Amino acid sequence: MEYKVLYRKYRPNCFKNIVGQDYTVKMLQNAIIHNKIAHSYLFTGPRGTGKTSTAKVFAKTINCQNIQNGEACGKCSSCLAFEQSPDIIEIDAASNNGVDDIRELINNVKIAPTEGKYKIYIIDEVHMMTSSAFNALLLTLEEPPAHAIFIMATTNVESVPITILSRCQRFNFKKFSIEDLTKQIRYVCDQESISITDDAVLEIAYLSEGGMRDALSLLDQLASNGEEITVDKILTNYGSISMKFIRDLIHNVENKEASLVHQALLELQNTSSDYKIFIKKMIQELSEIAVSIVSGTYEGKFSYEQVKDLIFSFNECLNKINIHVNPFVLIEVLLFDSFSEKNEKNVDNYLENVDKILHKEEKIEKNSNPVQEISTEPEMSVNETNENENDYLNKLIQLRVNNCFTEAKKEALLKAQSIWNTLVQDDAIKPAIKALIIDSTVVAASDNYCILTAKLDSTVHLLNKSLESLTEELQSYFANTIHFVALSEKDWKFEKQEYVKNIKNGQKYSLISEGTLDDLKPKVYSEIEDIATNVFNRDKIELV
Ligand SMILES: [Zn+2]
């Protein structure tokens, strides 16, 4: 029998088998149940997150002759012949990016499906199409025949023209959480009788960085010789930092064992370990500790505040480390800093230290490198990038405050405050998001906007850097999509006074579209959002 790689073998064949994309699955199934199927969809997200698999399940389901509660029956002639169905046309735009291919597709679009109700075009890596191919496709998307459905998938949504985007229903596929990955790896190993330790399952989950395809490909390789898969075997083959190392290190930090911490970091330097992987794993493990503290199952010496500060500091460390000479110096300062008793300014102190070290090291670097390499590509300086980003964020904050004031309602405020209070108790919320919720207060709200304040400036800063994550994470708790914004207590007092003054003077507030800021949105902003998201979505750590 032909060997089928694990990733293909365990591809989901129905909605209930799709792991980790609950929101998308729910929306697609609702569309099927309520017969509101659109003509064009765009699935975006990193590779290996199930875009094509989901597109296929969706295609199979809408052509099923006996759909049951939004799920294909798996028994009808359409379901049974799905793999060979002439009504499902898969196009890989990476290899068929020419206008002729799209023309041919468009000519065939008009021909009715042979068996099923719909003819479904799955266009993978759609961003690879040439602009004339896009234009040809656009004509069809504008007036598609009733039987045609386009599902486009891309890992690079920025390269898809806006004219195409505006005609699609868009779904964003997230990276898989460590929990989803470990569950699936364990399931596959059990099914395939692959012998593997629990630590090794976790190690593979970490190494695959949120991609199921990578996780199962790695498993394929490791299982090829039939021996038991252990952490040691993985580390020998793929050079990484084991979770045992991380746990031992955290234990030593907790017990203020300075020399052991120093030794461990030296070891990392000497083995040229990847500091990004190291930080990612530290954040992951610290988030676990934060959860156990909140849930009362923690028996160690850390306080919640200490763990939270460490997570925030590691996140900040990631932001700064790209321009840093020796990342492990930063990391050591960060860990030693956590030895001291915490006070409210600790994160800020740490950041000051980081800045000092950075400036010192930059100077050393300049002095030791009299002949500077000439870059052929103009690069934005870090300061310039930060300026653009800050400019955009400041304008976004002003806009959201304005919009919240425009439609602020007492009922909306009371509702948001009561939701906020329940969120603190909700175990489904990711711990770092929960930390932000615990540390902030809702002070004004409308149906779509919500102003938060926090005591510490660093919390306000982190809140504003994770606005999209907040909206996304809390979507299901509010009836509407809420756009959040955070102000320090001082700024909130000022804004409130201004508002009262303006209203007295007869000034009218009106809504401003966030689209007016699109031109200002720095490209790097999305990356910074990502980093912020990493800390908050502890399960979906992604590094730039
Ligand atoms: Zn069926």
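The values are calculated or read from the model by the stated rules, or taken from the named source; none is laboratory data. Just so you know, these numbers come straight off a predicted model, no measurement behind them. Note that each Cβ is placed from the backbone with ideal geometry, even for glycine, and that neighbours are counted across all protein chains shown.
For the stretch 290-306, the criterion of being closer than 25 Å to GLU267 by Cα and free of Cβ contacts under 8 Å to residues at least 24 places away in the same chain is satisfied by no residue at all. Number of residues in the stretch 303-320 that are of a type outside the set (D, E, K, R) and in contact with a Phe, Trp or Tyr (Cβ under 8 Å, 6 or more places away or on another chain) equals 1.
The rows are residues; the columns are (1) assigned by TED's automatic domain parsing to the domain that holds PRO161; (2) more than 27 Å from ALA133 (Cβ to Cβ); (3) modelled with pLDDT of 95 or more; (4) buried (at least 22 other Cβ atoms within 10 Å of the Cβ).
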site	(1), (2), (3), (4)
PHE43	yes, no, yes, yes
ALA59	yes, no, yes, yes
SER77	yes, yes, no, no
GLY98	yes, no, no, no
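Being surrounded by 13 or more Cβ atoms within 10 Å (Cβ to Cβ), closer than 21 Å to LEU165 by Cα, modelled with pLDDT under 90 and of a type in the set (Val, Ile, Thr) is the requirement here; does ILE91 meet it? Criteria met by ILE91. Annotation for the stretch 72-92: no member residue is polar (S, T, N, Q) and under 32 Å from the mean Cα position of the chain (by Cα). Output the residues belonging to the stretch 236-283 that are farther than 18 Å from PHE302 by Cβ and among the acidic types (Asp, Glu). Hits for the stretch 236-283 are GLU267, ASP274.
Among all residues of the stretch 4-15, there is none that is more than 12 Å from the ligand (Cβ to nearest atom) and closer than 23 Å to SER166 by Cβ.
Got a sec? Which of ASN63, ASN30 is in contact with a helix residue (DSSP H, G or I) (Cβ under 8 Å, 6 or more places away or on another chain) and not assigned by TED's automatic domain parsing to the domain that holds LEU218?
Numbers: ASN30 fails: in contact with a helix residue (DSSP H, G or I) (Cβ under 8 Å, 6 or more places away or on another chain).
Going through ASN63, ASN30 in turn, the sole match is ASN63.
Look at (1) within 16 Å of the ligand (Cβ to nearest atom); (2) under 27 Å from GLN191 (Cβ atoms) and you find that GLN21 fails only one, number (1). Among the candidates ASN107, ASN66, the residue that is without any contact (Cβ under 8 Å) to a residue 24 or more places away in the chain and more than 24 Å from ILE32 (Cβ to Cβ) is uniquely ASN107.
Applying the criterion of being among the β-branched types (Val, Ile, Thr), touching a strand residue (DSSP E or B) at 6+ places or on another chain (Cβ under 9 Å) and assigned to a helix (DSSP H, G or I) to the residues of the stretch 21-47, the residue that is nearest to ASN172 (Cα to Cα) is THR24.
For the stretch 48-158, please list each of the helices (runs of 4 or more DSSP H) lying entirely inside it that holds at least 2 residues being more than 16 Å from the ligand (Cβ to nearest atom).
51-62, 99-109, 131-142
Listed by position, the helices (runs of 4 or more DSSP H) inside the stretch 177-278 whose residues that are among the aliphatic types (A, V, I, L, M) and under 27 Å from the mean Cα position of the chain (by Cα) number at least 1 are 178-192, 198-207, 212-223, 231-238, 243-254. Only one entry in THR197, THR163, THR182 is assigned by TED's automatic domain parsing to the domain that holds ALA55 and touching a helix residue (DSSP H, G or I) at 6+ places or on another chain (Cβ under 8 Å), namely THR163. Within the stretch 390-405, residues that are at negative phi and buried (at least 19 other Cβ atoms within 10 Å of the Cβ) sit with their Cβ atoms under 7 Å from residues that are polar (S, T, N, Q) and assigned to a helix (DSSP H, G or I), at 6+ positions apart or across chains, in these pairs: LEU393/ASN464; ILE397/ASN464.
For the stretch 426-544, no helices (runs of 4 or more DSSP H) sit wholly inside it while including 2 or more residues that are loosely packed, with under 14 Cβ neighbours inside 10 Å, assigned by TED's automatic domain parsing to the domain that holds VAL307 and modelled with pLDDT under 85.
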